[in-house]
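Shown next, in structure tokens, is the structure this report addresses.
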Amino acid sequence: MTSNNSRREFIKRASALSVVGSAVPWALNLAAIGEAAAQSAPTDYKALVCIFLYGGNDHGNTLVPYDQSTYAKYLLMRGGLATNRTDLEGTLLSPDIMLPDSRQYALSPALLPLRRVFDAGRMGVLLNVGPLIQPTDLPQFTTRSVPLPPKLFSHNDQQSVWQASNPEGASSGWGGRMGDLFAAGNSQATFTAVSVSGNAVYLSGNSTAQYQLSTSGSVSINGIGNTLYGSSAAAQTLREFISSSAGSNNLEREYARVVKRSIDANVSFTSALGSAQTVNTVFPDSGLAAQLKMVARMIAARSSLGAKRQVFFVSLGGFDHHDNLLELHPTLLGQVGSAMEAFDKAMIELNLSNQVTAFTASDFGRTMRSNGDGSDHGWGSYHFVTGGAIKERSFFGKAPTLGAESRDDVGQGRMLPTMAVDQLAATLATWMGVSPTNLVDVVPNINSYSTKDLGLFRAGT
């Protein structure tokens, strides 16, 4: 049974990368076309960029309470991990609409670049977002009277739940499911869902397969370039051999079609990137910045690639700070802040700021209570959304209360989310142009929520 399931999954994935051909891929592609046909083909360009922070980012030292009352509770819980309040003066955020009870927040000093993006009106803050099955309060959590996300506080499972609404082993993510709806509107569907950070379930669709890049561009198959052992004829022979569809069985022929599609995509991508508008924005020297620079270059090549809707994935690891939090965490946040600011500038340079939205995500938040030298696995977290379409200088959601009597705390300062990842996904999908009737295809649990749009975007964008 397992081998049959694997074979069916292989054929399904392969068909998403192949041209219409033999009976099986033809039928699968026809089904994919039928599914996408329900979604109107866009005439403008929009893109989403997911910036995933692997390991579970410590939100408590990412966005820090600043008002005296809440800071005192923060200091009591964090102990030696707390950021000095005087160090937060330069990153205090001043939203256009103040939070209830005079609540104030400041960014980590390492995130000073994002303070500039916020002040310029191109960043919003998400308060206490995390995976949920349905709206849940503390009594419901305590009594387990409502369904809860599976395997809470587990790295692999919560990474998958964030990206796919299902635990580890999920076959599709909400970015890829958006790709299913929009691929038919892109003249080269291959470039709909793009990762610059390896394989991510977030970008896997039911009919859409992710296109993977390195920070230097597409990864070509060795030996099929200009020459092989100094011979152009040898390179051409190898190309013909590995992409020949004259195999003796369906899997062999399907594999050859996938290889040919990969070769053709590499040629198209390399050509498009070479002729695209140059991105002159200077990006810092970090792995995350290099990934975002490649995304910016690909967005610059959107016309040559025939792209109207694209979903991207980049990532940075190392956030599992059970210890050495004060030493390691600011360095990683510094990379995040400088890379995101550079990407914001690049979108302005390309005159696409209103059409590209980036957002951060992570396995989970962490405990507000210190374990001595770090923090442990949590649940709800703070995240950021950036882009010219975001409502300027805004906080979204409900600021959590801190302390032992808090109804937002499930233990050790783990925040019970009051904003669901599903609501965030639905909001982003709606901005991308997913119709209300197709929203459940992207976010299967969205009808569990009365609020399906978090109001992140300015009217008309």
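The values are calculated or read from the model by the stated rules, or taken from the named source; none is laboratory data. This is a predicted model, so every value here is computed, not measured. Neighbour counts run over all protein chains shown; Cβ positions are idealised from the backbone, glycine included. Surface accessibility is based on the protein's heavy atoms, side chains included, excluding ligands, DNA and RNA. Shrake-Rupley method; radii C 1.70, N 1.55, O 1.52, S 1.80 Å.
Key figures
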{"item": "Unit Cα scatterers, Debye sum, the stretch 48-128: log10 I(q)/I(0) for q = 0.12, 0.16, 0.21 Å⁻¹", "result": "-0.36, -0.64, -1.08"}
{"item": "Accessible surface of L454 - all protein chains present, 1.4 Å probe, nearest 10 Å²", "result": "40"}
{"item": "Alpha carbon convex hull of the stretch 313-461, volume per residue in cubic angstrom", "result": "133"}
{"item": "3J(HN,Hα) from dihedral phi, the stretch 360-375, Karplus parametrisation 6.51/-1.76/1.60, rounded to Hz, x for glycine, proline", "result": "8, 8, 7, 3, 5, x, 10, 5, 5, 6, 6, 9, x, 9, x, 9"}
{"item": "Cα-derived Rg to Rh of the stretch 363-417, Kirkwood definition", "result": "1.07"}
{"item": "Spin-label pair S406/D323, simplified geometry with 7 Å Cα→Cβ offset, distance in nm", "result": "2.6"}
{"item": "Over 32 Å (Cα to Cα) - which of K151/K345; K151/K452; K151/K391 fall in this group", "result": "K151/K345; K151/K391"}
{"item": "Rg/Rh ratio calculated on Cα atoms of the stretch 97-149 (Kirkwood radius)", "result": "1.15"}
{"item": "Cα Rg, Dmax, the stretch 94-184, angstrom units", "result": "17.9, 48"}
{"item": "Debye, to nearest 20: dipole size of the stretch 54-131, +1 on Lys, Arg Cβ, -1 on Asp, Glu Cβ", "result": "100"}
{"item": "Listed peptides 301-312, 89-100 by packing density, highest first (mean Cβ within 10 Å)", "result": "301-312, 89-100"}
{"item": "Stretch gain in nm, segment L112-S275, where the contour uses 0.36 nm per residue and the Cα spacing is subtracted", "result": "55.2 nm"}
{"item": "At R0 = 45 Å, FRET efficiency that the Cβ-Cβ distance of A72 and S40 yields, to 0.05", "result": "0.30"}
{"item": "In Å², nearest 10: area of L107 left accessible to a 1.4 Å probe", "result": "0"}
{"item": "Candidate residues Y202, Y66: accessible-area rank, largest first, probe 1.4 Å", "result": "Y66, Y202"}
